[in-house]
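*Asks:* Sending over a structure as structure tokens; questions will come in a sec.
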Amino acid sequence: MAEPAAAAADDGPHRIVANERRTQTIRELWLRPLDVPLRYRPGEYVLIEDADRAIPPRSYSIANAPRPDGLISLLVTRVDDGRTSTWIHDQLRVGDQVSVSGPYGTFVDDPQSTAPCLLLAAGSGVAPIRSLLEATLSRNPRRPVTLVISARTEADVVDCRRFTDWQAVHRAFRFVRTLTRADGPAPRGRIRAVLPSLCDDLTGHDAFIAGAPGFVRACATAAAALGARPERIHTEPFFAESLA
């Protein structure tokens, strides 16, 4: 994830209202603003730190579209020796207060776009992708959208039930998960290998890709090989130092 700009657009206290384990390495936080709700665009990220400023601030993508009540969701991956992610996973409790600043980032969609859209994610890269998807399904449910999530095992697929339910409601939305280290129903394999069988022509598509840098690079190359224009391939690489 890119480094934040020099000055935050907003900086305010939030209360933790949920801290739930989603996979073996990912927890989901829900934060309620204690002051004015954060104004952001789907796909942007924020910095979070403890109220006493004792824990290093780290960046996390917002995982939901803007809501009237101002609640925001963050997906946090535990990083080995990561001081902030360890604090979130092991010490942060419901009721605790944290400081949130932002929003930041350019991983955003044109809200007026009706072009077919391809969303690719792995790990906590699902966060900005989920925000973009939720907003798109709300404002333009007829826009063709395909979401492909790569995970090691079925247990590592974040929000499988949520996306399956959305697919059942929205006829223009297709959800696919692919497994890289476990048996299960097809497809199996890395996205760069299975993508041609899912989307053989990406001409005219918008593509959004989020996850580890190697994953993002491989997926961007695969999308370009299928006809996606470079200027329409949007990427959000998640670096360990941003997740720590």
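*Asks:* Restricting to the stretch 1-32, give me the number of residues that are at pLDDT below 95, more than 22 Å from ALA151 (Cβ to Cβ) and buried (at least 20 other Cβ atoms within 10 Å of the Cβ).
*Replies:* 0
*Asks:* Give me the residue from the stretch 34-55 that is surrounded by 14 or more Cβ atoms within 10 Å (Cβ to Cβ) and without any contact (Cβ under 8 Å) to a residue 60 or more places away in the chain and, out of that set, nearest to the chain's Cα centre (by Cα).
*Replies:* Among those that are surrounded by 14 or more Cβ atoms within 10 Å (Cβ to Cβ) and without any contact (Cβ under 8 Å) to a residue 60 or more places away in the chain, it is VAL46.
*Asks:* Select, from THR77, THR86, THR164, the only residue that is free of Cβ contacts under 8 Å to residues at least 40 places away in the same chain, of a type in the set (S, T, N, Q) and either in contact with a Ser or Thr (Cβ under 9 Å, 6 or more places away or on another chain) or within 15 Å of ILE26 (Cβ to Cβ) (or both). Step through it out loud before you land on a result.
*Replies:* On the way: THR77 fails: free of Cβ contacts under 8 Å to residues at least 40 places away in the same chain; THR164 fails: either in contact with a Ser or Thr (Cβ under 9 Å, 6 or more places away or on another chain) or within 15 Å of ILE26 (Cβ to Cβ) (or both).
Exactly one residue qualifies, and that residue is THR86.
*Asks:* Restrict the check to the stretch 182-189 and report whether at least one residue is closer than 24 Å to SER61 by Cβ and not assigned by TED's automatic domain parsing to the domain that holds ARG27. So that I can check it myself, show each step before the final result.
*Replies:* Taking the stretch 182-189 and keeping what is closer than 24 Å to SER61 by Cβ, we get none.
No, there is no match, as no residue in the stretch 182-189 is closer than 24 Å to SER61 by Cβ and not assigned by TED's automatic domain parsing to the domain that holds ARG27.
Rundown of residues vs (1) among the aliphatic types (A, V, I, L, M); (2) assigned by TED's automatic domain parsing to the domain that holds ILE62; (3) in contact with a Phe, Trp or Tyr (Cβ under 8 Å, 6 or more places away or on another chain); (4) part of a helix (DSSP H, G or I), yes/no style:
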| site | (1), (2), (3), (4) |
| --- | --- |
| SER150 | no, no, yes, no |
| ARG161 | no, no, no, yes |
| ASP201 | no, no, no, no |
| ALA224 | yes, no, no, yes |
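*Asks:* Of everything in the stretch 170-197, what is part of a helix (DSSP H, G or I) and either closer than 15 Å to ALA220 by Cα or touching a Gly at 6+ places or on another chain (Cβ under 9 Å) (or both)? Give them in sequence order.
*Replies:* ILE191, ARG192, ALA193, VAL194, LEU195, PRO196
*Asks:* Still on this structure, I have one more. Among the candidates ALA220, ALA168, ALA186, single out the residue that is of a type outside the set (Asp, Glu) and modelled with pLDDT under 95.
*Replies:* Unique residue meeting the criteria: ALA186.
*Asks:* Going by what's in this entry, would GLU154 be described as surrounded by fewer than 22 Cβ atoms within 10 Å (Cβ to Cβ) and either under 12 Å from the mean Cα position of the chain (by Cα) or hydroxyl-bearing (Ser, Thr, Tyr) (or both)?
*Replies:* When the stated conditions are applied, GLU154 does not pass them.
*Asks:* If a residue must be touching a helix residue (DSSP H, G or I) at 6+ places or on another chain (Cβ under 8 Å), modelled with pLDDT of 95 or more and in a loop (DSSP other than H, G, I, E, B), how many such residues does the stretch 33-56 contain?
*Replies:* Here the count works out to 3.
*Asks:* Answer yes or no: is there a residue in the stretch 97-118 that is part of a helix (DSSP H, G or I), out of contact with any Phe, Trp or Tyr (no Cβ under 7 Å at 6 or more places or on another chain), more than 27 Å from PHE208 (Cα to Cα) and not assigned by TED's automatic domain parsing to the domain that holds PRO141.
*Replies:* No, that holds for no residue.
This table checks each residue for (1) touching a His at 6+ places or on another chain (Cβ under 9 Å); (2) buried (at least 20 other Cβ atoms within 10 Å of the Cβ); (3) assigned to a helix (DSSP H, G or I); (4) not assigned by TED's automatic domain parsing to the domain that holds ASP156.
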| site | (1), (2), (3), (4) |
| --- | --- |
| THR86 | no, no, yes, yes |
| GLY95 | no, no, no, yes |
| GLY125 | no, yes, yes, no |
| SER131 | no, yes, yes, no |
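The values are calculated or read from the model by the stated rules, or taken from the named source; none is laboratory data. Note that the structure is predicted; figures quoted are calculated from it, not measured. As a convention, Cβ positions derive from the backbone with ideal geometry for all residues, glycine included, and neighbour counts pool all protein chains shown.
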